[in-house]
Amino acid sequence: MNTNRLSRLALIPLLALVALAGRPAQATSAATLTATPSAIRIGAQYDGIAMHVAGTVPAGSEVILRFTGAPSELHLREKGKIFGLLWMNVGKVSLDNVPAVCLVDSSLDLDNLGSVAAPFRLEGLRDSVVVNETAIEKVDGGGNARAAAIDGDDDEAAGKIDVMHELLLLKKHEKLYAEAAGGVRLGADSGGSRSFSATMAIPSALPPGQYRVEAIAVKDGAVVDRQTTTVEAELTGFPKWLSQLAFNRSLLYGVLASLIAICSGLIIGLVFQSKGGAH
Amino acid sequence: MNLTMNLYLPIAGNSVNCLAIFGLGGVVGLLSGIFGVGGGFLMTPLLMMMGIPPTVAASSDSNQIVGASTSGTLAHFRLGNVDIKMGLLLLIGGIAGGGIGVQIIKILRQMGNADFLISITYVLMLGIVGGYMFLESLQAMRKSARPAEQQPQPRRESVYARIVRSMPLQTDFKRSGIRMSLLLPLALGTLVGVLAAIMGVGGGFIMVPVMVYLLRMPMHVVVGTSLFQILFTCVSVTIMQATQNHTVDFILALLLLIGSALGAQVGAKVGKKLGGEQLKILLASLVLIVMVKMLYDLLVRPDVLLAYMGGH
């Protein structure tokens, strides 16, 4: 039994060697990635942060940097035209695997990187986000038919909106999705690698959760290396305490919120009265 | 010294500039103090523009109105401007109406027509209420410019007055100086409750015209009584939203409250300087402006064709 375990242990370095030998040559050149701070602490004074990302990639490659995370379900209202005249909510759409945040930056204009960059761009989310078409419920059978009939030439009115395109617009409006170019600074090639660094503006509306920082090295139209590191965003201090109260003891929270509001109202009323205010 | 005015709101999930929130509270509080309306129909869209999710904006605003209406009710109570009996009857009707309205919305959602009905109800109510108040106040102001008798009653209203007089359970409302059936405020309260629930608003801007034109209460008692009634409505909304949806951001509410309390005190002073007719015509203008904005939103293609649930 003991010899059996020993022989298994002996196998491990051998397997590791085989695994290393099987990887592309560039990846062995000690590619690194660090994100500072390594954890985002959302306290009372949090207003977004500037995250410094640095690392090394194989020599001669360009870098695409992504900050994505906390994928979740999303239920949205879909707007459409009714009677060919009025814009209003006409249905619901359910989406799954939607990252709360997706920031993309690169060392070179993403258009110039060509098709190899496509999966890493915002538009690339089309492949991962699940749009639940069956959940799109229209005004009603009649309403849908009317809208389609009146605006036969207008795709939007007929309920055929490009949900992903609109999702990207919505998220960009909130500054939770962004795509930039040129933000990643590259160092000179030294040996088999080159260094890169970038500062990413993490938005203030960042939901707590686990995020992934990803550096994709691209050379001659191919991905030559990929590094990832995770960043945890968590509530801390007063916001954490308040959030726990609101979610775990919601009745107490609601009653307290009302009572404090009433007391504040009375105090403010009395203060103004004593100063000869209030009429 | 690094004095930052930003504060992170854990329930809203975003950071806001405290000064901007104070300012917003102040402006809405001013209007609330002058007219006795909660101001929810103004506050919620403005908060959304500042990056607060719609559901959190609406719920936190209700929380804020609890404080603002407490302060307002206190000020008006001291002046003898709160008709508690009338307020309670309207409140009971309002709660019943709110329950009915929620059920109506549920049925409509199943039928799939809810949002269409909500938008149309909103625009029509704002248009009718605003338009009627505006014209009526304009006429009254023109008449009072000449030394004439009290405003003559239109024919349609005298029929209404006869019906009101023939209703059972007549009682005196001393503060308002009127005598009518208990059933009338109950029924009107229910009606407002139904409309408010359908539109998802506190209903102040419908309740005030109802008190003025259908209950014939004096304008200054209307404002105090409306605030008294709003206080109770918003306490129940706050607790309900906190327990069911976790959307009450109490810090946001407190910031808004401090701003709006200051605004409301100034508003109450301004309101006193203005005559009843001027008050009505200003409120009418405000209601009409909101209606035009809503109509514009309905007619012009939105920038983004997807929206988050909740809010308007």
Pick from segment B:216-243, criterion under 22 Å from B:Phe22 (Cα atoms) and surrounded by 24 or more Cβ atoms within 10 Å (Cβ to Cβ), ranking: nearest to the other protein chains (Cβ to nearest Cβ)
B:Thr238
Positions within segment A:243-259 being more than 7 Å from every other protein chain (Cβ to nearest Cβ) and either under 14 Å from B:Ala253 (Cα atoms) or not in a helix (DSSP H, G or I) (or both), in sequence order
A:Arg249, A:Leu256, A:Leu259
Say whether the condition of being charged (D, E, K, R) and either at pLDDT 85 or above or assigned to a strand (DSSP E or B) (or both) is met by at least one residue in segment A:23-30.
no
Within segment A:271-279, is even one residue part of a loop (DSSP other than H, G, I, E, B), more than 30 Å from A:Thr32 (Cβ to Cβ) and more than 10 Å from chain B (Cβ to nearest Cβ)?
yes
Tally time: how many residues in segment B:48-93 are assigned to a helix (DSSP H, G or I) and either closer than 18 Å to B:Asn245 by Cα or among the hydroxyl-bearing types (Ser, Thr, Tyr) (or both)?
16
Inside segment A:211-241, can you point out the residues that are of a type in the set (Asp, Glu) and surrounded by fewer than 21 Cβ atoms within 10 Å (Cβ to Cβ)?
A:Glu214, A:Asp220, A:Glu232, A:Glu234
Give A:Asp96, A:Asp105, A:Asp109 a once-over and let me know the one that is crowded, with 17+ Cβ neighbours inside 10 Å and modelled with pLDDT of 85 or more.
A:Asp105
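Between A:Pro239, A:Pro207, A:Pro203, which is facing chain B (nearest Cβ under 7 Å) and within 18 Å of A:Pro71 (Cβ to Cβ)?
Details: A:Pro239 fails: within 18 Å of A:Pro71 (Cβ to Cβ); A:Pro203 fails: facing chain B (nearest Cβ under 7 Å).
Step by step, each of A:Pro239, A:Pro207, A:Pro203 is checked, and only A:Pro207 is facing chain B (nearest Cβ under 7 Å) and within 18 Å of A:Pro71 (Cβ to Cβ).
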Note on segment A:154-192: residues of a type in the set (Lys, Arg) and at pLDDT below 85 are A:Lys160
Residues of segment B:244-266 classified as more than 22 Å from B:Leu283 (Cα to Cα), aliphatic (A, V, I, L, M), within 9 Å of another protein chain (Cβ to nearest Cβ) and part of a helix (DSSP H, G or I), total:
4
Residue under question is B:Val208, and the condition is that it be touching a residue at least 60 places away in the same chain (Cβ under 8 Å), of a type outside the set (Asp, Glu) and buried (at least 21 other Cβ atoms within 10 Å of the Cβ); does it hold?
yes
Tell me which residues, restricted to segment A:63-83, are away from every other protein chain (no Cβ under 11 Å) and over 21 Å from A:Thr36 (Cα atoms).
A:Pro71, A:Ser72, A:Glu73
Go through (1) in contact with a helix residue (DSSP H, G or I) (Cβ under 8 Å, 6 or more places away or on another chain); (2) modelled with pLDDT under 80 for B:Met49 and report which single condition fails.
(1)
For segment A:60-132, give me every one of the strands (runs of 3 or more DSSP E) that falls completely inside it and has 1 or more residues that are under 30 Å from A:Ala188 (Cβ atoms) and out of contact with any Cys (no Cβ under 9 Å at 6 or more places or on another chain).
A:62-82, A:86-106
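Go through segment B:149-243 and tell me which helices (runs of 4 or more DSSP H), entirely inside it, have 2 or more residues that are under 22 Å from B:Gly67 (Cβ atoms) and at pLDDT 70 or above.
B:204-209
So that you can scan it fast, the table gives a plain yes or no per residue for (1) under 18 Å from A:Lys81 (Cβ atoms); (2) within 14 Å of another protein chain (Cβ to nearest Cβ); (3) outside any helix (DSSP H, G or I):
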{"site": "B:Ala268", "(1), (2), (3)": "no, yes, no"}
{"site": "B:Gly271", "(1), (2), (3)": "no, yes, no"}
{"site": "B:Leu282", "(1), (2), (3)": "no, no, no"}
{"site": "B:Leu286", "(1), (2), (3)": "no, no, no"}
{"site": "B:Val292", "(1), (2), (3)": "no, no, no"}
{"site": "B:Asp297", "(1), (2), (3)": "yes, yes, no"}
{"site": "B:Val304", "(1), (2), (3)": "yes, yes, yes"}
{"site": "B:Ala307", "(1), (2), (3)": "yes, yes, yes"}
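The values are calculated or read from the model by the stated rules, or taken from the named source; none is laboratory data. As the structure is a prediction and not an experimental result, all values here were calculated from the model. In this analysis, Cβ positions are derived from the backbone assuming ideal geometry, glycine residues included, and neighbour counts consider all displayed protein chains.
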